[in-house]
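Everything below concerns the one structure shown next.
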Amino acid sequence: MRTRRLVLLAVLAGAGAFPSLVSGQATGDQSRLVFTVSVGAVGGSRLWSSSPQAVQFIGTADTFALQRRIRSTLAAGFGGAYFPGENIGFTVEGFLIGLGFEDSCQHIFSSGASPIAEVCQSIQGKKKAATSVVLSGGTIFRFNSRKLFSPYGRVNAGLVLSNKSSLRTAGQFVNSQGQIEDLFVYSDDHNSRVDPSLALGVGFTAAVAKGYSLRWEVRDNITGVQRVTGTIPIAGFVPPHERAYKHLFSMTVGFDVVLERRKGRRY
């Protein structure tokens, strides 16, 4: 009888310890959630050029040499990352990349019509602002995550949402009534587009307090954008075009809020 009581007590003690053991194992992975806000700058790139482009006005035809480049601008981002372990994590992000344009125009052949000359002059140096956002997800690999400085690399893939046509090109002239009118060299059926994007980045984080860190990152934003591929015989129509992938390099600094789950604790 005494032996049975000892066995029963041992079983009950083991059963009582088992949930505690399972609970300890379930919360011992030290995974992390990281939320980041960042600001910085993104560089520009040449987008397209076309020449000689005929431009007509009341029977006369001049030719232009046109160029468009992507402007350098400010960048901003907000994202989150989940690290189930020490090194590899998964990220989602919204990144404001701009995609504004700057145009140039050279008057190659002039018939002497002053309105056409005014059109080229108004195109020259014209800047167009835009608000394009990249929505992406990917993976991140970090080193020394428990140290003061932690370097990392990332790969993100997603879509860039643009609210400004990269094809449409227009200049202005003053008509006979003294009013300003637009003359479209290139038209576009779409005011906005969605194109693929890929981002490759490297950087490091620096812990500044418990649960907070600063972030510095350099990134190659490989962004899909439509570009003109040739001229058209009559101005005012949609030009031949294709999707091109441009390397837009950015540098950002960010602020991280780190939520950590240690053994026996939850977020």
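Worth a mention:
- Taking the charge dipole of the range 121-267 about its Cα centre, with +1 at Lys and Arg Cβ atoms and -1 at Asp and Glu Cβ atoms, the residue from VAL174, SER197, GLN121 reaching farthest to the positive side is SER197.
- Taking θ as phi - 60° and the Karplus parameters 6.51, -1.76 and 1.60, the scalar couplings of the range 180-195 work out to 8, 10, 9, 10, 7, 7, 10, 9, 7, 7, 10, 7, 9, 9, 10, 10 Hz in sequence order, x denoting glycine and proline.
- Volume per residue for the chain equals 154 cubic angstrom (convex hull of Cα atoms).
- Our estimate of slack between ASP220 and PHE149, defined as 0.36 nm per intervening residue step minus the Cα-Cα distance, is 23.3 nm.
- Helical contribution to [θ] at 222 nm, DSSP H n ≥ 4, -39,500 (n - 2.57), averaged over the chain, rounded to 500: -4500 deg cm²/dmol
- Accessible-area composition of the chain, carbon plus sulfur, in percent [1.4 Å probe]: 62 percent
- Additional length obtainable on full extension of the chain from SER192 to ILE108, 0.36 nm per residue less Cα span: 27.1 nm
- Packing, as the average of other Cβ atoms within 10 Å across residues, places the peptides 95-104, 155-164 in the order 95-104, 155-164, highest first.
- Annotation: peptides 116-123, 69-76, 185-192, ranked by per-residue average of other Cβ atoms within 10 Å with the highest first, follow the order 116-123, 69-76, 185-192.
- Annotation: amide H of ALA130 within the under-5 Å range of GLY100, sequence separation 5 or more or interchain, hydrogens built in the peptide plane.
- Degrees, to the nearest 10: 114-123 long Cα axis against longest axis of the chain: 20 degrees
- Phi angles across the range 159-174 convert, under the Karplus curve 6.51 cos²θ - 1.76 cosθ + 1.60 with θ = phi - 60°, into 3J(HN,Hα) values of 10, 9, 9, 10, 10, 9, 5, 8, 9, 4, 9, 8, x, 10, 8, 9 Hz, Gly and Pro given as x.
- Note on the range 107-258: along the principal axes its Cα atoms extend 71, 29, 25 Å, ordered by decreasing extent.
- Put a plus charge on the Cβ of each Lys and Arg, a minus charge on the Cβ of each Asp and Glu, and nothing anywhere else: the dipole of the range 126-267 about its Cα centre is then about 1260 debye.
- On Cα atoms only, tilt of 2-26 relative to the major axis of the chain in degrees: 20 degrees
- Accessible area in square angstrom per residue, the range 59-192, 1.4 angstrom probe: 49 Å²
- 3J(HN,Hα) along the range 243-252: 7, 10, 10, 10, 8, 10, 7, 10, 10, 9 Hz, from the Karplus curve 6.51 cos²θ - 1.76 cosθ + 1.60 with θ = phi - 60°, whole Hz, x for Gly and Pro.
- Residues ILE234 and ALA157, FRET efficiency given R0 of 41 Å [Cβ-Cβ distance, rounded to 0.05]: 0.55
- Remark on the range 83-163: ratio of C-alpha radius of gyration to 2.2 N^0.38 Å is 1.97.
- The aspartates and glutamates within cross-link reach of LYS127, meaning a Cα-to-Cα straight distance under 17 Å and a gap of 8 or more places when in the same chain, are GLU102, ASP103, GLU118, ASP182.
- Here's how it looks for THR139: its modeled amide H is under 5 Å from those of THR91, VAL155, which are all 5 or more places away or on a different chain.
The values are calculated or read from the model by the stated rules, or taken from the named source; none is laboratory data. Everything numeric here is computed off the predicted structure, so don't read it as measured data. No Cβ is skipped: glycine too gets one built from the backbone with ideal geometry, and neighbour counts run over all protein chains shown. In case anyone asks, the SASA skips ligands and DNA or RNA and just uses the protein heavy atoms, side chains included. Shrake-Rupley method; radii C 1.70, N 1.55, O 1.52, S 1.80 Å.
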